[in-house]
Amino acid sequence: MSEPASLYARFTLSHEQYEAFMNSTPARPASFGDWQSWFDRHPMAGDNRVPAALLGDLDAARVADVIKAWREDDWTGTPPVEYDEIKRTLRIAMLQASENFHEMLRLLTPLRGASAYNDPGADDFIVIFDFLWDEGDISAYLQLRDGASRFVEDCPPAHLQEAGGYLREALSYMRDRTG
């Protein structure tokens, strides 16, 4: 992959869970033991090992600060975070996340932390895929269930369709905003 992939995340959270997640300290990359197995599924330059430096803490006090930084970076194409209190759904999109798996690890880490807050039986997920150029090219797909997040090889078509539809809305929003 040479073009930046897009990111979409959907979480099921009550208002209290949403507030707690946004005000929480971002999850630590070292809290998740499956990074290397994810790296192993993708061809990369070098030795394909997860560098120890990537497993360090993020430089943010709260998840809300991480997301704010994404939104302030024009490159990412991150529209406002959408939390629907009636549907109890938080959706996050990033049109140009990254083409680099090291950077993806750093993007995924704070979002994986939502698994400590989301409804245990929810069908929540995060997907990074090549929305802008080749929607079939999936770099990462994670399910968040029962207080944990895990990489899964196959993304259900319904999740990919939901992500693509929301990213199309995000792209339209960003185009309208820039005139």
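Where a number appears in this text, it was derived from the coordinates with a stated rule and is not lab data. Nothing here was measured: the structure is a model prediction, and the numbers come from that model. Heads up, the Cβs are rebuilt from the backbone with ideal geometry, glycines too, and the neighbour counts pull from every protein chain shown.
In terms of the Cα gyration tensor, with a ≥ b ≥ c the square roots of its eigenvalues, is segment 123-179 rounded because a/c is under 1.5, prolate because a/b exceeds b/c, or oblate? In terms of gyration-tensor shape, prolate. Could you compute the longest span of the chain free of trypsin sites (Lys or Arg not before Pro) located in DSSP loops and having at most 14 other Cβ atoms within 10 Å, not counting the site residues? The reported range is 88-179. Potential lengthening of the chain between residue 137 and residue 119 amounts to 3.6 nm, from the contour at 0.36 nm per residue minus the alpha-carbon distance.
All Cα-Cα distances of segment 53-151, cut into 5 Å bins from zero to the largest, leave 2, 11, 20, 25, 23, 13, 4, 0, 0 percent in each bin in turn.
The orientation-averaged projection of the convex hull spanning the C-alpha atoms of segment 93-142 amounts to 3.8 square nanometres.
The tail of the calculated P(r) for the chain, taken as Cα-Cα distances beyond 26 Å, holds 24 percent of the pairs. Using only side-chain charges placed at the Cβ, +1 for Lys and Arg and -1 for Asp and Glu, the dipole size of the chain relative to its Cα centre rounds to 300 debye. Considering only 114, 158, 148, the mean-square fluctuation computed in a Gaussian network model of the chain, springs between alpha carbons under 10 angstrom, is largest for 158. Considering only GluC sites (Glu not before Pro) in DSSP loops that have at most 16 other Cβ atoms within 10 Å, the longest stretch of the chain without any of them is 1-84. Here the spin labels are modelled as points 7 Å beyond Cα on the Cα-Cβ line, and at residue 19 and residue 59 they lie 3.1 nm apart.
Centroid-to-centroid, using Cα positions, segment 104-175 and segment 59-88 are 15 Å apart.
Tell me the net charge near residue 92. Cut-off is 9 Å between Cβ atoms, residue 92 excluded, with +1 for each Lys or Arg and -1 for each Asp or Glu.
Charge balance near residue 92 sits at +1.
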